[in-house]
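Read through the structure below, which is laid out as C-alpha cells, and then see the notes.
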Amino acid sequence: MKNIGNMLKQAQMMQAKMAKVQEELAVTTVEGQAGAGLVTVVMNGKNLLEKVTIDPKLADPEDMEMLEDLVTAAVNDAQARMQQISQDKLSAVTGGLNIPGMKMPF
C-alpha cells in the first residue's frame, strides 16, 4: 500500500509538471523558414500560425506556384520545430517514458 501511495504522489507531481510545460508551450513561438529566409513564418505552441513574412522579391505573379511551395515549406518547418520543442519538454517531465495519450502540443 505504501508503494501505491508513493506512485500516486509521483503521478500528481508529474501532472503538475505537465501543466506547467503546457503553460510554457502556450507562450512559446518558433520561426520556420524556406527559400533561404525569403519566406518566414511564426507559429505558437498551439500550432497556430501567427505571422507570415514574404520577401518582396518573391511577389512575381508569373511564379505563384513557387511562392505557395515556399510558404508551405516554411509552415512545415515551424511545425517540426515546435513538435521537437514539445517532445523535448515532455521527455524532461516524464524522464523519457512514453506515456500513451500524452501527445504534445495539445
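Restricting to the stretch 1-57, count the residues that are farther than 20 Å from Q79 by Cβ and of a type outside the set (A, V, I, L, M, F, W, C).
Residues meeting the conditions: 14.
Inside the stretch 47-87, can you point out the residues that are among the basic types (K, R) and either exposed (fewer than 14 other Cβ atoms within 10 Å of the Cβ) or touching a His at 6+ places or on another chain (Cβ under 9 Å) (or both)?
K51, K57
Look through the stretch 47-72, keep the residues that are under 30 Å from V21 (Cα atoms) and part of a loop (DSSP other than H, G, I, E, B), and return whichever of them is farthest from the chain's Cα centre (by Cα).
Checked the stretch 47-72; the qualifying residue farthest from the chain's Cα centre (by Cα) is L48.
Do you know which of the residues in the stretch 78-106 that are hydrophobic (A, V, I, L, M, F, W, C) and closer than 18 Å to A16 by Cα is modelled with the lowest pLDDT?
Applying the filter and picking the extreme gives F106.
Taking the stretch 30-46, which residues are surrounded by 15 or more Cβ atoms within 10 Å (Cβ to Cβ) and either under 11 Å from the mean Cα position of the chain (by Cα) or not in a loop (DSSP other than H, G, I, E, B) (or both)?
If the condition is that a residue be surrounded by 15 or more Cβ atoms within 10 Å (Cβ to Cβ) and either under 11 Å from the mean Cα position of the chain (by Cα) or not in a loop (DSSP other than H, G, I, E, B) (or both), then V30, E31, G32, Q33, A34, V39, T40, V41, V42, M43, N44, G45 are the ones that fit.
Which ones in the stretch 23-53 are out of contact with any helix residue (DSSP H, G or I) (no Cβ under 9 Å at 6 or more places or on another chain), under 16 Å from S86 (Cα atoms) and of a type outside the set (A, V, I, L, M, F, W, C)?
E23
Out of L25, L8, report the one residue that is assigned to a helix (DSSP H, G or I) and in contact with a Lys or Arg (Cβ under 8 Å, 6 or more places away or on another chain).
L25
The values are calculated or read from the model by the stated rules, or taken from the named source; none is laboratory data. Treat the numbers as computed from the prediction; the structure is a model and nothing was measured. Heads up, the Cβs are rebuilt from the backbone with ideal geometry, glycines too, and the neighbour counts pull from every protein chain shown.
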